[in-house]
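Read through the structure below, which is laid out as structure tokens, and then see the notes.
The values are calculated or read from the model by the stated rules, or taken from the named source; none is laboratory data. Owing to the predicted nature of the structure, the values given are computational and were not obtained by experimental measurement. Ideal geometry is used to build each Cβ from the backbone, glycine not excepted, and the neighbour counts take in all protein chains shown. Heavy atoms of the whole protein, side chains included, go into the accessibility calculation; ligands, DNA and RNA do not. Shrake-Rupley method; radii C 1.70, N 1.55, O 1.52, S 1.80 Å.
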Amino acid sequence: MSARSNKRHSASQRRRRRGTENDARPLERPLGRDRRGRVVFVACEGEKTEPDYLEYLDETFGPGTPDRPQFSLHPIAVKNGMRPTQTVDMVVKDAGTDEAWVLFDRDGTDRDADIQKALVTAAANKVEVGFSHPSFDLWLLLHFQAFTGAQSGRSTVVVERLRNSKATDAFRDYDKRNNKNVSAPARRDALRDNEQRAVDRARALVNQCEHGDCQAAKAKWDPVARSATKSSESRDRPSWQSWAARSGHAEHCPVLRRDPSTDVWRLLVTLGIATAP
Ligand SMILES: [Zn+2]
């Protein structure tokens, strides 16, 4: 409980530093050091791996280059993780009108109803969904090798491949004794400069989707305007199917059968870290 409080506390401290402690105030926030460039809030199901990874992206790519604009990522995570619906609720609360994403996984077969509900709420609030099937570990693995074959929600094979990768030794102990960090310098170094390969491989998985009508070329990642409160105008709200189709998967491709797949590549493309034709 205390760790959870600490996490939440640090998020609210960040907000305070930006002078936004009063939620009733207009959500026009002054640009400051914490609001460098594009501001993107990302709520994560996992408590460790995904927030670590987002911090890596923020520190490595956030400052920008002459060719790439600055951005600041604000990971949101809590001790012991969140259910998919909780990630959406949390980012809606914390992001205000800023860009908002969630990262969650299929991760077994016992939470399908919660995932479905999260997709509906995400669409209603224009929260981008970075869904991974079976897990975020697939996204890490794609930095080092391609991967195919349905996993029915189990990460065992993905994690094995990651540990035994010929491309890097940095993940040999990954997920042993809870060692799921991406903060270790060796792991960061291993990921670095493989972002474009991971994006290309993730896009290939969209094109290989067994559904047949799914095309990475149809994916979208343009920033969308978000209002602070959910629009009551139903015409302003995308259907959850069309919102989930921003992944490049067809509207009628069942999300829970996108196996294997990971939408995390769209976050890197929208931030300019990698490109997509
Ligand atoms: Zn599909």
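Test Arg226 against the criterion of being at negative phi and in a helix (DSSP H, G or I), and give yes or no. First the steps, then the outcome.
Values: at negative phi: yes; in a helix (DSSP H, G or I): no.
No.
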Legend entry - Filter result for the condition that a residue is assigned to a loop (DSSP other than H, G, I, E, B) and closer than 24 Å to Ala244 by Cα, over Ala150, Ala170, Ala202: Ala150
Inset, instruction - Output the residues belonging to the stretch 196-220 that are surrounded by 21 or more Cβ atoms within 10 Å (Cβ to Cβ) and more than 13 Å from the ligand (Cβ to nearest atom). - result: Ala198, Val199, Arg201
Inset, instruction - Can you confirm whether the stretch 85-98 contains a residue that is assigned to a strand (DSSP E or B) and either out of contact with any helix residue (DSSP H, G or I) (no Cβ under 7 Å at 6 or more places or on another chain) or basic (Lys, Arg) (or both)? - result: no
Legend entry - Residue within the stretch 256-275 that is in contact with a helix residue (DSSP H, G or I) (Cβ under 9 Å, 6 or more places away or on another chain), open to solvent by 50 Å² or more (accessible area, probe 1.4 Å), more than 20 Å from Val127 (Cβ to Cβ) and at pLDDT 95 or above present: yes
Legend entry - Residue in the stretch 145-165 that is surrounded by the most Cβ atoms within 10 Å (Cβ to Cβ), counting only those that are over 20 Å from Arg257 (Cβ atoms) and touching a Phe, Trp or Tyr at 6+ places or on another chain (Cβ under 8 Å): Leu162
Inset, instruction - Report yes if some residue within the stretch 102-115 is surrounded by fewer than 19 Cβ atoms within 10 Å (Cβ to Cβ), out of contact with any helix residue (DSSP H, G or I) (no Cβ under 9 Å at 6 or more places or on another chain) and under 16 Å from Thr49 (Cα atoms); otherwise report no. - result: no
